[in-house]
Amino acid sequence: MRVVAAMSGGVDSAVAAARAHEAGHEVTGIHLALSRNPKSYRTGARGCCTIEDANDARRAADVIGIPFYVWDLSERFHTDVVENFMDTYAAGQTPNPCLRCNEKIKFAAVLDRALALGFDAVATGHYARLVDGADGLELHRGVDHGKDQSYVLGVLDERQLRHSLFPLGDTPKPEVRREAAERGLLVADKPDSHDICFVADGDNAGWLREKLGERYDDAPFLEAGEIVDEATGEVLGSHEGTYGFTIGQRKGLRLGRPAPDGKPRYVLDIEPVSNTVTVGPRERLAVARIRGTEPRWCGAPMPAGQPPVEVTVQLRAHGEEHRATCAVSPDGTEVEIELRDPAFGIAPGQAAVVYDGTRVIGSATITATERVAARAGA
């Protein structure tokens, strides 16, 4: 096969490209230029989109012995990932930019361009597995559960999976690093990328204040507002804009007075229009039911309008699984997930990824939650 290997400049994508080449595929390495000004992106081996990352990817391709190119997708990335990130926070929700990047950039824009150029597949360094099942190709968790990245791939559809390769899915991360060293790849000991690549200094709130101020005129969520206790309605403090908060947050609240019951306070609700942040004790964060929209299925879709089925669901990229039931609305546009045990700090804008064992069934964007306390009438 003719394969495009997406090379971020890290150890995982380098070894994935090397394995695809060694397997006999005709591999071309590509690095994605996601910013017109790469110096504004995270450096020091913390991001995946900087000039130094591009240089690391090029050196790895040279060692492997494959052609290498840089594809400029900066405009598409800004529109589909960066602007979505800003708009989601502006709406009082919590986005996942890495999941969005996989959906819109790596397995949409890149794959579409690769197929148009006559390539057959895109290979990445994600820790996930593709398995031939009875009903077609299935996406499964990687064997290294500590590095498993199937959650951020839960947005891929059957067509995209057919044109994907995940060469690292059957390998623990320490073995990948050892293999990289044996192959002479200089990125063997490079730290993993983390945080948000387009926030150069890691100050999400500061970045959002600057960018949202440029994007919106006189928006209420950019102004100072009140932090209110849910139970009593007392004003416990003030904030500089609701964009700087997410559901379940505890740090950085800077309450001017203690809560009436003396318990730590967490963010329970964010109202951008009234510019109010509501806080309460942790037990008020317990979620029993989740509603999601825009479902995407990694294979055949779940039947619409049928009784709920037993599943497990993951609600954060590195979160635990929860036992649940899942049902799809009659028109197929929404899913409703009933949790057997409560989950805490679940925010609209995040993704709910549904599993059958290790197999990824699909995902949906969380739009609403029902808390245990509300169900009990508290």
| field | Alpha-carbon centroid distance for the pair segment 139-160 / segment 188-236, whole angstrom | value | 29
| query | Taking only Cα atoms, what is the 0 to 90° angle, nearest 10, from helix 204-215's long axis to the longest principal axis of the chain? | reply | 90
| message | On the principal axes of its Cα set, how long, how wide and how thick is the chain? Give whole Å, largest value first. | response | 66, 49, 36
| task | Could you list, in their original order, any pairs among 190/211; 211/263; 106/173; 106/251 whose Cα atoms are separated by more than 29 Å? | result | 190/211; 211/263; 106/251
| note | The rounded separation in angstrom of the Cα centers of segment 100-119 and segment 323-376 is 28
| said: Let me spell out the model: positive unit charges on the Cβ of Lys and Arg, negative unit charges on the Cβ of Asp and Glu, origin at the Cα centre of the chain. What dipole size does that give, in debye rounded to 20? | reply: 620
| field | Square roots of 5 times each gyration tensor eigenvalue, C-alpha, segment 222-283, largest first, Å | value | 17, 11, 10
| query | Taking the Cα atoms only, what angle lies between the long axis of helix 11-22 and the longest principal axis of the chain, rounded to 10 degrees? | reply | 30
| For segment 183-292, which chymotrypsin sites (Phe, Trp or Tyr not before Pro) are both in a DSSP coil and crowded by at most 15 other Cβ atoms within 10 Å? | 216
| request: List 361, 51, 66 from most exposed to least, where exposure is judged by having the fewest other Cβ atoms within 10 Å. | output: 51, 66, 361
| Taking Rh as the Kirkwood radius computed over C-alpha pairs, what is the Stokes-Einstein D of segment 232-378 at 20 °C in a medium of viscosity 1.002 mPa s, expressed in µm² per second? | 130
| task | Take the Cα pairs of segment 1-148, get the Kirkwood Rh, then feed it into Stokes-Einstein at 4 °C and 1.567 mPa s and tell me D in µm²/s. | result | 80
| task | Using a Gaussian network model of the chain whose springs link C-alpha atoms within less than 10 Å, name the residue from 212, 315, 168 with the highest mean-square fluctuation. | result | 212
| task | Out of all DSSP beta bridges with both ends in the chain, state the antiparallel percent to the nearest 5. | result | 70
| If one takes the longest principal axis of the Cα atoms in the chain, at what angle in degrees, from 0 to 90 and to the nearest 10, does the Cα axis of helix 173-182 lie? | 30
| message | Using DSSP to call loops (not H, G, I, E or B), can you name the GluC sites (Glu not before Pro) in segment 295-328 whose Cβ has at most 14 other Cβ atoms within 10 angstrom? | response | 320
| query | Under Stokes-Einstein, with the Kirkwood radius over Cα pairs standing in for Rh, what whole-number D in µm²/s applies to segment 187-291 at 4 °C and 1.567 mPa s? | reply | 84
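Every number here is computed from the coordinates shown, using simple stated rules; none is lab data. Because the structure is a prediction, the values reported are computed rather than measured. Cβ atoms come from the backbone with ideal geometry, glycine included; neighbour counts cover every protein chain shown.
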